[in-house]
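Step one of this worksheet: look at the structure below.
The values are calculated or read from the model by the stated rules, or taken from the named source; none is laboratory data. Please read these numbers as outputs of a predicted model, since none were measured by experiment. We place every Cβ from the backbone using ideal geometry, glycine too, and count neighbours over all the protein chains shown.
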Amino acid sequence: MELRGATALITGGGHRLGRAIGLRLAEAGANVAFTYLRAGAAAAATLRELEQRGVRAVAVRADAADDGQMAIALAQVRRALGIPDLWVANAGAFRRTPIATATPADWDDMLRLNFDTFLIPALRLAAPMRRRGGAIIALGDVAALHPWADYVPYCVAKRALVALAMRLARELAPTVRVNVIAPGPVLFPPDFPAAARRREVARTLLKRPGGAADIAEAALYLARAEYVTGVVLPVDGGRRFG
């Protein structure tokens, strides 16, 4: 994919990994639209940073798991920048929910925030992207491949995301490529316990945490890799072996 002048949409692109991916795509010349939900100040700062890179940029407040909100958001994006050539599904949430104490509400919440945020936009983007051609990149998690005991509802939701992405790779071929990035210990949440951070890093083969730039580079690669589809790409420092 030639990114210069292309339109990239990032759901959940206002801060953290979404911000890093958006800025990296903008540096490659893509115009960037992104959705955000609660991080309004961070989203405004990200929008300014994108525009400073000399590309067109649009920020839309929308819940990626809400079909009505996404219908309005996608219409705004289309009016401003056109049908996306690239969609990066980054919206999600990570929260400790041990299986022994997880409630039905916890399960619903994790599925909504980490699976529905991929499913709902996919239902609206699949047809126009199939006609136009392009690429979809979903943010999974290496824990979807090897579930963590204290995060099972989250892991199940990410596994469902992987399953849907792999099916979409078949359904949308040959015009749309669909791939998944599976991060490992990258950009820990601010409240992640220090002892748990050390334990996660020790379990990687590289013995160090990753950064947002590592995920952004993987997204750039998959956006450009014209002969790669249906792939789950771990960017985890070897955590899946630990």
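Being over 18 Å from the mean Cα position of the chain (by Cα), assigned to a helix (DSSP H, G or I) and either at pLDDT 95 or above or over 26 Å from Arg199 (Cα atoms) (or both) is a property that holds for Ala105. So in the range 129-144, with the set limited to residues that are in contact with a helix residue (DSSP H, G or I) (Cβ under 6 Å, 6 or more places away or on another chain) and in contact (Cβ under 8 Å) with a residue 24 or more places away in the chain, which one is nearest to Asp85 (Cα to Cα)? Applying the filter and picking the extreme gives Ala135. Within the range 1-15, can you find the residues that are closer than 22 Å to Ile120 by Cα and touching a residue at least 40 places away in the same chain (Cβ under 8 Å)? Correct list: Thr7, Ala8, Leu9, Ile10, Thr11, Gly12, Gly13, Gly14. Among the residues of the range 31-53, those that are more than 20 Å from Leu113 (Cβ to Cβ) and out of contact with any helix residue (DSSP H, G or I) (no Cβ under 8 Å at 6 or more places or on another chain) comprise Ala41, Ala44, Ala45, Leu47, Arg48, Glu51, Gln52. Is there a residue being buried (at least 22 other Cβ atoms within 10 Å of the Cβ), closer than 26 Å to Pro128 by Cα and free of Cβ contacts under 8 Å to residues at least 60 places away in the same chain anywhere in the range 35-47? Yes, some residue in the range 35-47 is buried (at least 22 other Cβ atoms within 10 Å of the Cβ), closer than 26 Å to Pro128 by Cα and free of Cβ contacts under 8 Å to residues at least 60 places away in the same chain. Of everything listed in (1) modelled with pLDDT under 95; (2) more than 16 Å from the chain's Cα centre (by Cα), the single unmet condition for Arg208 is (1). Would you check if there is a residue in the range 62-77 being touching a His at 6+ places or on another chain (Cβ under 7 Å), surrounded by fewer than 23 Cβ atoms within 10 Å (Cβ to Cβ) and either among the acidic types (Asp, Glu) or under 24 Å from Val186 (Cβ atoms) (or both)? There is no residue in the range 62-77 that is touching a His at 6+ places or on another chain (Cβ under 7 Å), surrounded by fewer than 23 Cβ atoms within 10 Å (Cβ to Cβ) and either among the acidic types (Asp, Glu) or under 24 Å from Val186 (Cβ atoms) (or both). Consider the range 188-206 and keep the residues that are without any contact (Cβ under 8 Å) to a residue 12 or more places away in the chain and loosely packed, with under 14 Cβ neighbours inside 10 Å. The one that is nearest to Arg95 (Cα to Cα) is Asp191. Taken over the range 5-17, the criterion of being closer than 17 Å to Leu222 by Cβ and out of contact with any helix residue (DSSP H, G or I) (no Cβ under 8 Å at 6 or more places or on another chain) is satisfied by Ala6 alone.
Checking the stated criteria, Leu187 turns out not to satisfy the condition of being more than 23 Å from Gly29 (Cβ to Cβ), among the hydrophobic types (A, V, I, L, M, F, W, C) and more than 14 Å from the chain's Cα centre (by Cα). Among residues of the range 211-230 being surrounded by 18 or more Cβ atoms within 10 Å (Cβ to Cβ) and in contact (Cβ under 8 Å) with a residue 60 or more places away in the chain, the one that is nearest to Val162 (Cα to Cα) is Thr229.
With the structure loaded, tell me whether Val176 is at pLDDT 95 or above, buried (at least 20 other Cβ atoms within 10 Å of the Cβ) and farther than 19 Å from Gly12 by Cα or whether it fails that test.
Taking the combined requirement at face value, the residue satisfies it.
Considering Ala20, Ala91, the condition of being surrounded by 15 or more Cβ atoms within 10 Å (Cβ to Cβ) and under 22 Å from Leu168 (Cβ atoms) is satisfied by Ala91 alone.
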